[in-house]
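First comes the structure, then the notes that go with it.
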């Protein structure tokens, strides 16, 4: 069907009327939609992140977000070579336009949904903007791409291109400062003087005199600090395979001495900063993470903490923190740096700063590594093989020497066992000869049986990013560290989340939570290395049928080391949670509130177990496993006829820190720089724990305790099964203040004061609070006018000094009377109590006064740089034990009655040997020398024999002597008549046997080294291939060599391995002229020796074997030089990674602990860990760092 077209004809007047009507409607509609569009656009918010964006790209993005049309001249916009860098978050549209066009040679007009961009008209004599150009190069003249160039105080900036070129529009105003920054380079500040072109040379930050110093309370520019502080980056000291950051610090910081205690994965080294400032108190430094002091997860007394194995499997305060989450380590050493921490700060402070996010798109990073630990080998040690040990046994037999009654005479174990069978006619001569030949070739490799080439792997995944106002960092890590010996394992899982944010212009905060769970497994009664080192290689671990071979080790009970490892053990499981909020609120010009609120909670479970099948429990039971049963009398006479022993403890720690302060940071007149903070702090830690020992433990039946209540058990062990609470509470309240003042960037003054009050000293009010304070000054010489030419040549020199008072606390000391409540009396039915600590209302803090003078320098633009510090510390009111009348109820009382001095020097030196376009070679060395001398001590609380034993161990504080001074019996050579060792008595005569109290002691040296440090060198080619070597060293200390005689009163045990030195022993008169190895021990000979004893005091007489092991002959220098690490790394070129979506990748190979050079007397043993369960072993790692 067709539509009809109807046509009408109108008059001119009708036509004009309709046109006017259409125009009016169009105008109304246009106005309506325009106002709607304008209202819509005006109400829109703009979110942009501009990174080196052109104006054209910015306009395009604005149009996409808002729909607004932009009118501009394409050619004019294209000729503007300016890159925009800013972040706009929910900015109103017109405000966003204002920020974008600020400082540009364009203006805009915005109306009716259209933005018109046009050049700003300017007069020639009144140019407000100026285009400058330039080039950025390094010290070798090589162009630097990607250098950020920003006008100070603005967000305007550009980045240099691949040729190092840049150009940007700036205000035509002389005196503006341009900031040039680039990763790995020192920031360059240039004051613009009107020039059209700039040539900028940037230096690599080999020694960054402008690095940041984080004290935990303040963050200062290095130039603003007059304290003795060292800062290291985790990336610079990282060691593959190390589970915690403290294991990486040896030889890295001057004045910081790290003493390794073991090669086990969970081992905790002992750390001392500038020596020791206490005798009985805690000698360890304070650990601080992001401004919060961390405490141990389990309560450990000062004496326990200072011992070798107190933290075995438990770890220290930072064991749960992954090194991958730590950005930097700051070591505070002098009074100026540590006085702000008050309590315990006399031992120094180590501040860890965790990583935080960086503005930009999300970056995902993965770090992974695999580490192979090399097991020990007999080729490294001076031990006899089977044939050599059998020859020694033959010599012992032919001389008719006697053995201990508990030796093993199994013919499968020793030459003595074969001889016993032959002599008793249970073996023919032919069988004896055949089995002797087989045994001589046996050479059991105990290092292979007990150790392994362990494989360790660790992984860490992190993501960070954000905007200029909100940055985030999240990470998760897993570490599985297999120890070098079988049975040693450490496993840890860590997580961390951190957000740094700004809320408006006035509020900033950092929120962080972290959680870790750790499980460590180790040894209860077995020392794998000691067993492998000291057990004869004629002993075999297995029978021919594959079952364990048992023998009598050194007692009457059967023993197999593999069975003992399987049936005994020790483990620790810990969960650690920390939450932290740092808050900063700007109150007024330069004045702000700072708040720190932290909470930590941890739970630790420790188990030490021994099953009834172990030799350890057999010694408690009194006979071997299943040797007797209920039908035998021996069963009912036993103290533990059934089940094993389980010792376990559970500890929950909760703690908090609340810190409130006011901070004032202000620069007045461009020459007065002030940084002041005052505040208060409340810190508390509570431990709730229970420990119990269970007997009759049966793990196969649901871990029940089913002891048989024999008379022996009831009399000796039933009371020990009662659980013990280990609850402690510690609170510290503090007021603090810190101020830094810098005048004209030339003179710096630091002031710190803190007053601590603790419930440890609450009895006498005048001793309850300890004020600690410090003052320090610094003179930046090269900022003086008369040194300007010197400074212009790339040199820097400053001198500084400090003085202050620090404090320490003895954790086990108390002003109160402490009673130890025992069991109820069976007659009175009342609790029995004994005095544990006598009261001392005048007990007060240990106080240390110290001074430090130093110089920092850098010459030829950092080619040669370093520092040197000299210091002295005097500690008084040392808390020591004094003898009091026994009528007080206890004979010892804690009192402030000791003094000591520490003095030394430390320094570091860095040299850029080669700085080339392709090749760079640097060398760094650091050193620290410290001597600690006791100036007032007390030793009248010990008996004469106790004093001697402590002097032999180096554990007695002796007035006028170095701390750790070790004494030894004076060796007088071997007798020319019998070959037995002789020793000097106090009467000047030579003796074989004597009362130790009548023998002469001579000083052998200190168990602590005088000088420690490290040095490293690094070669870098084309900035991507790097080879590094790192060394650590200790000089000046001594240690006692391992004992020669395990049994002091009999011949060498047939199943014990010994040194090959025994082949060089004394055999005939005249041999004493060229050997110090004595004749084989014969009790029939020694019984006729004269004895140096007093007629009045018939004290215990010791054999010559006792004096021999504790003589000055058996003391060796503990000096060592360790090849700490050899590393080879390669950074993949970016052009190879872009196609696969990877932003960066580094592959790294590292070998650690390859060699140790030590005194020849150690014969392959590591002087640092000669008696550890596992020594420090060589390891090889392959790792990868990749970011997306």
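Of all the residues in the range 475-511, those that are in contact (Cβ under 8 Å) with a residue 24 or more places away in the chain, assigned to a strand (DSSP E or B) and closer than 25 Å to residue 1183 by Cα number 15. Checking each residue in the range 88-111 for being exposed (fewer than 13 other Cβ atoms within 10 Å of the Cβ) and either touching a helix residue (DSSP H, G or I) at 6+ places or on another chain (Cβ under 7 Å) or outside any loop (DSSP other than H, G, I, E, B) (or both) picks out 90, 95, 98, 107, 109, 111.
Conditions tested, residue by residue: (1) modelled with pLDDT of 95 or more; (2) part of a strand (DSSP E or B); (3) out of contact with any strand residue (DSSP E or B) (no Cβ under 8 Å at 6 or more places or on another chain).
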residue	(1), (2), (3)
593	yes, yes, no
598	yes, yes, no
626	no, no, yes
639	no, no, yes
651	no, yes, no
658	yes, yes, no
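Count of the range 1066-1079 residues, restricted to those that are in contact with a helix residue (DSSP H, G or I) (Cβ under 8 Å, 6 or more places away or on another chain) and either surrounded by 17 or more Cβ atoms within 10 Å (Cβ to Cβ) or in a helix (DSSP H, G or I) (or both), is 4.
Before we move on, is residue 1149 under 30 Å from residue 1045 (Cα atoms) and in contact (Cβ under 8 Å) with a residue 24 or more places away in the chain? Taking the combined requirement at face value, the residue does not satisfy it. Looking at 796, 803, 717, just one residue is surrounded by fewer than 19 Cβ atoms within 10 Å (Cβ to Cβ) and at pLDDT 85 or above, and that residue is 803. Is it true that residue 948 is over 30 Å from the mean Cα position of the chain (by Cα) and assigned to a helix (DSSP H, G or I)? Considered against the rule, which asks whether it is over 30 Å from the mean Cα position of the chain (by Cα) and assigned to a helix (DSSP H, G or I), residue 948 comes out as yes. Suppose the filter is over 19 Å from residue 151 (Cα atoms), modelled with pLDDT of 80 or more, outside the structural domain of residue 157 (by TED's automatic domain parsing) and surrounded by fewer than 17 Cβ atoms within 10 Å (Cβ to Cβ); does residue 34 pass it? No; evaluated as a whole, the condition is false for this residue. Within the range 611-623, does at least one residue satisfy the condition of being over 43 Å from the mean Cα position of the chain (by Cα) and either under 30 Å from residue 469 (Cβ atoms) or not in a strand (DSSP E or B) (or both)? The answer is yes, given that some residue of the range 611-623 is over 43 Å from the mean Cα position of the chain (by Cα) and either under 30 Å from residue 469 (Cβ atoms) or not in a strand (DSSP E or B) (or both). Any residue in the range 1132-1141 that is touching a strand residue (DSSP E or B) at 6+ places or on another chain (Cβ under 9 Å) and under 30 Å from residue 454 (Cα atoms)? Among the residues of the range 1132-1141, at least one is touching a strand residue (DSSP E or B) at 6+ places or on another chain (Cβ under 9 Å) and under 30 Å from residue 454 (Cα atoms), which makes the answer yes.
Residue-wise test of (1) at pLDDT below 80; (2) over 16 Å from residue 110 (Cβ atoms).
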{"position": "56", "(1), (2)": "no, yes"}
{"position": "59", "(1), (2)": "no, no"}
{"position": "63", "(1), (2)": "no, no"}
{"position": "68", "(1), (2)": "no, no"}
{"position": "74", "(1), (2)": "yes, yes"}
{"position": "80", "(1), (2)": "yes, yes"}
{"position": "85", "(1), (2)": "yes, yes"}
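Among the candidates 1029, 1041, 1052, single out the residue that is over 30 Å from residue 932 (Cα atoms), in contact with a strand residue (DSSP E or B) (Cβ under 8 Å, 6 or more places away or on another chain) and in contact (Cβ under 8 Å) with a residue 24 or more places away in the chain. Being over 30 Å from residue 932 (Cα atoms), in contact with a strand residue (DSSP E or B) (Cβ under 8 Å, 6 or more places away or on another chain) and in contact (Cβ under 8 Å) with a residue 24 or more places away in the chain holds for just one of 1029, 1041, 1052, which is 1029.
Inspect all residues belonging to the range 644-653 and state whether any of them is more than 25 Å from residue 564 (Cα to Cα) and either in contact with a helix residue (DSSP H, G or I) (Cβ under 7 Å, 6 or more places away or on another chain) or surrounded by 20 or more Cβ atoms within 10 Å (Cβ to Cβ) (or both). Yes, that holds for at least one residue.
Conditions tested, residue by residue: (1) surrounded by 14 or more Cβ atoms within 10 Å (Cβ to Cβ); (2) at pLDDT 75 or above; (3) within 39 Å of the chain's Cα centre (by Cα); (4) at positive phi.
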| position | (1), (2), (3), (4) |
| --- | --- |
| 116 | no, yes, no, no |
| 129 | yes, yes, no, no |
| 140 | no, no, yes, no |
| 147 | yes, yes, yes, no |
| 150 | yes, yes, yes, no |
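Scanning the range 660-712 for residues that are in contact (Cβ under 8 Å) with a residue 12 or more places away in the chain, in a loop (DSSP other than H, G, I, E, B) and more than 30 Å from residue 603 (Cα to Cα) turns up 671, 708, 710. Would you mind finding the one in 852, 823, 840 that is under 30 Å from residue 912 (Cα atoms) and either part of a strand (DSSP E or B) or modelled with pLDDT of 70 or more (or both)? Residue meeting the stated conditions: 852. Looking across the range 1141-1188, the residues that are touching a helix residue (DSSP H, G or I) at 6+ places or on another chain (Cβ under 8 Å), over 18 Å from residue 1120 (Cβ atoms) and surrounded by 15 or more Cβ atoms within 10 Å (Cβ to Cβ) come down to 1145, 1173.
The values are calculated or read from the model by the stated rules, or taken from the named source; none is laboratory data. Since this is a predicted model, take the numbers as computed values, not measurements. So basically every Cβ, Gly included, is an ideal-geometry build from the backbone, and we count neighbours across all protein chains shown.
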